[in-house]
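Let me begin by presenting the structure, written as structure tokens, before commenting on it.
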Amino acid sequence: MSRRRHSDGDDGGQSHKRRRTSEPIEIEDRLESLICRVGEKSTSSLESNLEGLAGVLEADLPNYKNKILRILCAVARLLPEKLTVYTTLVGLLNARNYNFGGEFVEAMIRQLKETLKANLYTEALYLVRFLSDLVNCHVIAAPSMVAMFENFVSVTQEEDVPQVRSDWFVYVVLSSLPWVGKELYEKKDVEMDRLLNQIDGYLKRRLKTHVPMLQVWTAEKPHPQEEYLDCLWAQIQKLKKDRWQERHILRPYIAFDSVLCEALQHNLPPFTPPAHTPDCQYPVPRVVFRVFDYTDAPEGPVMPGSHSVERFVIEENLHNIIKSHWKERKTCAAQLLSYPGKNKIPLNYHIVEVIFGELFQLPCPPHIDVMYTTLLIELCKLQPGSLPQVLAQATEMMYMRLDTMNTTCIDRLLNWFSHHLSNFQFRWSWDDWADCLAMDADKPKPKFVKEVLEKCMRLSYHQRIVDIVPPTFSALIPAEPIFFYKYQDEANSALPGYAVAITVGNAIKNRASNEEILTVLKDVPNPNQEDDDDEGEGFNPLKIEVFLQTLLHLAAKSFSHSFSALAKFHEILKALTDCDEGKLHILRVVYEVWRNHPQMISVLVDKLIRTQIVDCAAVANWLFSPNMAHEFTRFYVWEILHSTIRKMNKHVQKIQKELEEAKEKLEKQQHKKQKDSGDEEDMERNSEDEDGQLEEQIERLQEKVESAQSEQKNLFLVIFQRFIMMLTEHLVRCETGSVDFNTPWYKNCIERLQQIFLMHHVTIQQYVGTLENLLFTAELDHHILAVYQQFCALQL
Amino acid sequence: MSIKLNALFSDSYVDVSQYRDQHFKGNRYEQEKLLKQSNTLYVGNLSFYTTEEQVYELFSKSGDVKRIIIGLDKVKKTACGFCFVEYYTRADAENAMRFVNGTRLDDRIIRTDWDAGFKEGRQYGRGKSGGQVRDEYRQDYDPARGGYGKVVARPQSIRTTT
């Protein structure tokens with residue numbers, strides 16, 4: 001970390017001041033660095049490094065005890081992949097200084113309480129696991145650890161609490177057992193058996209409503225997609241059967257056993273899990289992603305089975321490495337590939353499986369999608385002889401199983417695959433996928449290939465795509481992204497509005513003013529209107545068509561041209577689309593002209609929303625309208641809808657933030673007034689004015705927030721209503737016709753409904769009451785209601 | 001609980017580089033301040049044929065793009081191999097620095113860097129011939145960037161150029 005000595009930044013360009021007596025800070029930095037780096041590649045052995053570091057820290061305890069405590073607590077919380085390195089270090093320190101060991105345990109308990117209070121459940125988990133491994137290092141007495149676990153498991157007896165709460169406490173206990181199970185069983189087998197029986201009973205009675213919504217594949221073959229607690233339980237049971245023999249975890253403390261067993265142990269203070277409050281946000285449940293088993297890695301070391309505890313530990317560690325280093329892809333790739341013990345496992349397979357597991361995680365991946373693409377590219381660079389093959393193998397396997405893959409995951413897969421290909425000259429053995437050519441276009445495989453090619457085209461150009469696929473694939477090649485102008489040539493002169501279109505086009509080219517153009521447009525007859533009803537100020541679809549087709553035609557050259565056009569004629573567009581029908585029609589026209597260029601439709605709709613020519617609900621209504629039914633299963637439609645929902649969400653958040661800031665400002669001001677308590681009348685008046693202004697602003701913002709929230713709620717209601725209508729219609733039609741309802745269209749549609757819930761579950765939580773009362777009532781078809789119930793189960 | 005372990009969790013892809021715009025109106029301190037809070041990225045090593053659409057598609061992967069300004073040859077007013085990408089939020093721009101910088105667009109490794117903010121006039125190349133400076137002096141043949149560098153294409157200029 002660079003230390004800024006010449007800090008002209010802070011002084012506003014003035015002469016720098018040298019820092020005097022910076023030694024204590026430098027020593028603290030050094031301590032931090034030493035502790036953080038222990039365990040990394042070194043010329044000396046890990047054991048001698050730990051020994052050395054323990055000596056250094058022991059010597060520094062008199063002066064830097066608190067700093068060392070804080071650093072060790074932090075690495076326990078933030079570097080779980082190096083758990084056993086740090087527990088060994090603490091063990092060595094405890095052996096040399098009993099009091100320090102006690103203080104460390106106390107600090108850890110304090111930290112555990114804080115992380116739980118702050119809803120930082122993952123970090124709390126790492127802390128508990130750290131404490132449990134301290135039993136192995138003779139820092140904590142086994143009986144007191146068992147007592148803590150007993151308190152955790154007793155949460156399963158609580159009533160009227162969300163299932164995700166007791167889930168977490170059970171998960172914490174089970175996921176610590178690979179590290180400490182053996183030791184705890186040796187000391188307290190009766191209590192541990194009782195514990196495990198309680199857990200067994202809990203797991204048998206807990207609800208699994210959420211599982212179908214979180215599975216990447218709906219099929220059980222070749223690999224069942226297990227609920228995460230079920231999988232871990234099976235792994236722990238197998239471990240118990242193997243008498244807790246666990247050989248994968250690196251345990252440096254074994255080498256120091258003679259020193260550590262001399263140390264005095266501490267008892268954990270009794271720890272009561274904090275009570276449940278409505279503010280608590282427990283982690284959502286997960287499904288374990290599996291794409292490989294031992295048959296897929298034919299040469300080299302064998303892949304541990306899905307119910308082996310080794311599999312669990314390896315995956316935990318790989319996930320943790322990604323969590324620590326996701327911002328730095330080169331470091332992340334290097335750390336993954338230098339996983340300790342990599343020679344005993346098919347590491348590349350584990351890495352690829354873990355990465356895709358995260359990318360496909362439902363509801364959302366832990367990190368931004370594009371990170372995984374770039375990470376895989378870095379891994380390919382570091383292991384060019386082996387990793388690309390594993391990646392290709394995984395891609396092939398996922399292609400084969402598209403029929404049962406969740407639609408949201410297919411979206412992410414095709415985004416990843418097209419972006420990945422664009423970094424490797426689009427080289428792929430397309431012929432291997434020739435089977436999709438014989439299928440109906442709406443089946444998952446040909447659909448997937450078509451959407452991939454469309455995405456590839458967006459990153460390149462049409463001819464490139466023609467060149468990269470075999471001629472047999474021509475039916476799946478995307479259309480050329482050309483503009484369709486209704487009033488193109490003389491042949492269309494019979495169309496109503498043709499003449500005006502020509503005039504408007506010329507007017508725009510000659511830089512006529514908005515008034516002039518509006519005057520020209522007055523001549524457009526209104527097909528909807530009765531004669532002499534009004535002055536023609538109402539909704540006139542033909543006027544919109546004539547103007548917008550012509551404008552977009554003139555601006556078709558690039559995105560920038562089109563954006564410029566929308567900005568320049570904003571006034572006219574606003575005037576033409578004053579009502580809901582107008583807004584809907586403008587979207588229809590955009591689709592008509594750009595139907596071969598979905599990317600352009602996407603960006604234009606985005607601009608139309610941002611410039612408030614259309615609102616979000618209009619976009620939702622348009623996408624669900626009968627005109628767009630034939631596009632309903634295309635990927636770009638959902639890109640647009642989710643982007644629209646996200647814009648709405650961000651808008652609400654922005655105004656809420658403004659309101660919060662204004663309220664804080666007022667509070668600060670009033671606080672300051674109390675402290676100053678000026679007795680002059682003038683001062684009183686001024687501050688009253690200021691207060692009054694702020695209060696007015698707050699009132700306005702309050703109204704804005706309420707109106708935005710109302711718009712947001714309405715948007716979701718519109719979307720859900722449309723889904724319900726479409727799905728109900730389909731189900732009824734199939735029932736009356738005695739036809740199987742589970743068509744590719746149906747699967748796509750119901751999973752898109754799921755996707756809305758999954759991608760925006762945090763926002764939708766607020767509206768659960770309304771949804772239940774108005775839309776997702778008991779009268780609804782149970783297939784549709786099931787989706788709603790699965791969503792509710794995510795935080796139940 | 002507030003220790004961040006700076007030693008370990010670096011975020012170097014997001015750091016400001018050594019480059020400073022020599023035409024920037026203001027002092028070093030002001031430029032650095034703007035760079036540290038900017039939502040705009042400079043993107044370099046583009047092919048002359050790379051379109052705004054391609055840039056949009058790629059850079060949208062790290063967040064919503066506010067606007068793209070394609071760099072132009074000052075004389076010919078055609079694309080000359082760079083552009084600016086502006087995001088609505090800094091966080092999205094940071095993700096582009098982490099995950100788009102150094103990957104390929106149109107088969108070329110592109111490079112992104114923080115920019116103090118677009119101002120009219122900055123969309124033009126500053127090389128003598130109208131394109132970017134780097135295309136004035138490079139010796140290699142790059143078909144996607146007009147072939148040879150200008151100095152190679154006009155051999156006399158080697159002797160007369162300062």
Sort out which residues of the stretch A:553-566 are within 14 Å of chain B (Cβ to nearest Cβ) and surrounded by fewer than 17 Cβ atoms within 10 Å (Cβ to Cβ), and write them in order of number. A:Lys557, A:Ser558, A:Ser560, A:His561, A:Ser564
Could you grab the pairs with beta carbons closer than 9 Å, sequence gap of 6+ or different chains, first residue in the stretch A:33-55 and farther than 17 Å from A:Asp257 by Cα, second one assigned to a loop (DSSP other than H, G, I, E, B) and among the β-branched types (Val, Ile, Thr)? A:Leu53/A:Val38
Taking the options A:Lys657, A:Lys704, A:Lys672, name whichever one is loosely packed, with under 13 Cβ neighbours inside 10 Å, farther than 30 Å from A:Asp442 by Cα, modelled with pLDDT of 90 or more and not hydrophobic (A, V, I, L, M, F, W, C). A:Lys657
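Could you tell me whether A:Phe424 is under 22 Å from A:Ile351 (Cβ atoms), part of a loop (DSSP other than H, G, I, E, B) and of a type outside the set (Asp, Glu)?
Judged against the criteria, A:Phe424 is a match.
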Given the conditions (1) surrounded by fewer than 17 Cβ atoms within 10 Å (Cβ to Cβ); (2) in contact with a strand residue (DSSP E or B) (Cβ under 7 Å, 6 or more places away or on another chain); (3) of a type in the set (Phe, Trp, Tyr), which single one is not true for A:Tyr228? (1)
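Filter the stretch A:329-347 down to the residues that are buried (at least 20 other Cβ atoms within 10 Å of the Cβ) and over 21 Å from A:Arg290 (Cβ atoms), then identify the one that is farthest from the chain's Cα centre (by Cα).
Of everything passing the filter in the stretch A:329-347, A:Ala333 is farthest from the chain's Cα centre (by Cα).
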Looking at this structure, is A:Pro24 in a helix (DSSP H, G or I), more than 14 Å from every other protein chain (Cβ to nearest Cβ), farther than 28 Å from A:Val180 by Cβ and at pLDDT 90 or above? no
Among the candidates A:Asp431, A:Asp435, A:Asp467, residue that is surrounded by fewer than 13 Cβ atoms within 10 Å (Cβ to Cβ), acidic (Asp, Glu), assigned to a helix (DSSP H, G or I) and in contact (Cβ under 8 Å) with a residue 12 or more places away in the chain: A:Asp431
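For the stretch A:743-754, check the following and say yes or no: at least one residue is modelled with pLDDT of 90 or more, at positive phi, outside any helix (DSSP H, G or I) and polar (S, T, N, Q). I'd like the intermediate steps shown before the answer.
Our first condition is that a residue be modelled with pLDDT of 90 or more; within the stretch A:743-754, this holds for A:743, A:745-754.
Next, only the ones that are at positive phi stay: none.
Within the stretch A:743-754, none of the residues are modelled with pLDDT of 90 or more, at positive phi, outside any helix (DSSP H, G or I) and polar (S, T, N, Q).
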Starting from the stretch A:444-457, take each residue that is within 14 Å of another protein chain (Cβ to nearest Cβ) and list its partners that are crowded, with 23+ Cβ neighbours inside 10 Å and among the polar types (S, T, N, Q), counting only C-beta distances under 7 angstrom and pairs at least six apart or across chains. A:Cys456/A:Ser422
If you go through A:Leu184, A:Leu112, the only one that is touching a residue at least 12 places away in the same chain (Cβ under 8 Å), within 14 Å of chain B (Cβ to nearest Cβ), crowded, with 20+ Cβ neighbours inside 10 Å and not hydroxyl-bearing (Ser, Thr, Tyr) is A:Leu112
Can you give me the number of residues within the stretch B:62-91 that are crowded, with 22+ Cβ neighbours inside 10 Å and under 18 Å from A:Glu328 (Cα atoms)? 1
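Please state which one of A:Gln795, A:Gln765, A:Gln712 is under 26 Å from the mean Cα position of the chain (by Cα), closer than 30 Å to A:Glu658 by Cβ and surrounded by fewer than 16 Cβ atoms within 10 Å (Cβ to Cβ).
A:Gln765
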Test set (1) of a type outside the set (S, T, N, Q); (2) surrounded by 17 or more Cβ atoms within 10 Å (Cβ to Cβ); (3) in contact with a helix residue (DSSP H, G or I) (Cβ under 7 Å, 6 or more places away or on another chain) - B:Lys128 fails condition number: (2)
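Residue-wise test of (1) of a type outside the set (Val, Ile, Thr); (2) over 39 Å from the mean Cα position of the chain (by Cα); (3) more than 14 Å from chain B (Cβ to nearest Cβ).
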{"site": "A:Glu480", "(1), (2), (3)": "yes, no, no"}
{"site": "A:Phe483", "(1), (2), (3)": "yes, no, no"}
{"site": "A:Gly505", "(1), (2), (3)": "yes, yes, yes"}
{"site": "A:Pro525", "(1), (2), (3)": "yes, yes, yes"}
{"site": "A:Gln549", "(1), (2), (3)": "yes, no, yes"}
{"site": "A:Lys568", "(1), (2), (3)": "yes, no, yes"}
Got at least one residue in the stretch B:101-109 being in contact with a Phe, Trp or Tyr (Cβ under 8 Å, 6 or more places away or on another chain) and hydroxyl-bearing (Ser, Thr, Tyr)? no
Any residue that is more than 14 Å from every other protein chain (Cβ to nearest Cβ), at pLDDT below 95, more than 24 Å from A:Val637 (Cβ to Cβ) and in a loop (DSSP other than H, G, I, E, B) - is there at least one of those in the stretch A:514-522? yes
How do the pairs read when you match residues in the stretch A:240-251 that are over 13 Å from A:Pro304 (Cα atoms) with residues anywhere that are in a loop (DSSP other than H, G, I, E, B) and at pLDDT below 95, using Cβ under 8 Å and keeping only pairs 6 or more apart or on different chains? A:Leu250/A:Pro340; A:Leu250/A:Gly341
I'd like to verify a number: residues in the stretch A:252-302 that are free of Cβ contacts under 8 Å to residues at least 40 places away in the same chain and among the acidic types (Asp, Glu), how many? 2
Do any strands (runs of 3 or more DSSP E) lying entirely in the stretch B:44-162 carry at least 3 residues that are away from chain A (no Cβ under 11 Å) and either of a type in the set (D, E, K, R) or free of Cβ contacts under 8 Å to residues at least 40 places away in the same chain (or both), and which ones are they? B:111-115
Residue list for the stretch A:207-221, filter: surrounded by fewer than 17 Cβ atoms within 10 Å (Cβ to Cβ) and either among the aliphatic types (A, V, I, L, M) or at pLDDT 95 or above (or both): A:Leu207, A:Ala219
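Which residue, of B:Ser47, B:Ser17, B:Ser38, is modelled with pLDDT of 95 or more and either over 21 Å from A:Arg458 (Cβ atoms) or out of contact with any helix residue (DSSP H, G or I) (no Cβ under 9 Å at 6 or more places or on another chain) (or both)?
B:Ser38
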Kindly check whether there is at least one residue in the stretch A:411-418 that is touching a residue at least 24 places away in the same chain (Cβ under 8 Å), surrounded by 20 or more Cβ atoms within 10 Å (Cβ to Cβ), touching a strand residue (DSSP E or B) at 6+ places or on another chain (Cβ under 9 Å) and of a type in the set (A, V, I, L, M, F, W, C). yes
Look through A:Val593, A:Val619 and report the one residue that is over 26 Å from the mean Cα position of the chain (by Cα), part of a helix (DSSP H, G or I), buried (at least 20 other Cβ atoms within 10 Å of the Cβ) and in contact (Cβ under 8 Å) with a residue 12 or more places away in the chain. A:Val593
Right, A:Phe292: surrounded by 17 or more Cβ atoms within 10 Å (Cβ to Cβ) and modelled with pLDDT of 95 or more or not? no
Residue count, the stretch A:387-418, condition within 22 Å of A:Pro346 (Cβ to Cβ) and outside any helix (DSSP H, G or I), comes to 1
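The values are calculated or read from the model by the stated rules, or taken from the named source; none is laboratory data. Bear in mind that the values here come from a model prediction, so they are computed numbers and not experimental data. We place every Cβ from the backbone using ideal geometry, glycine too, and count neighbours over all the protein chains shown.
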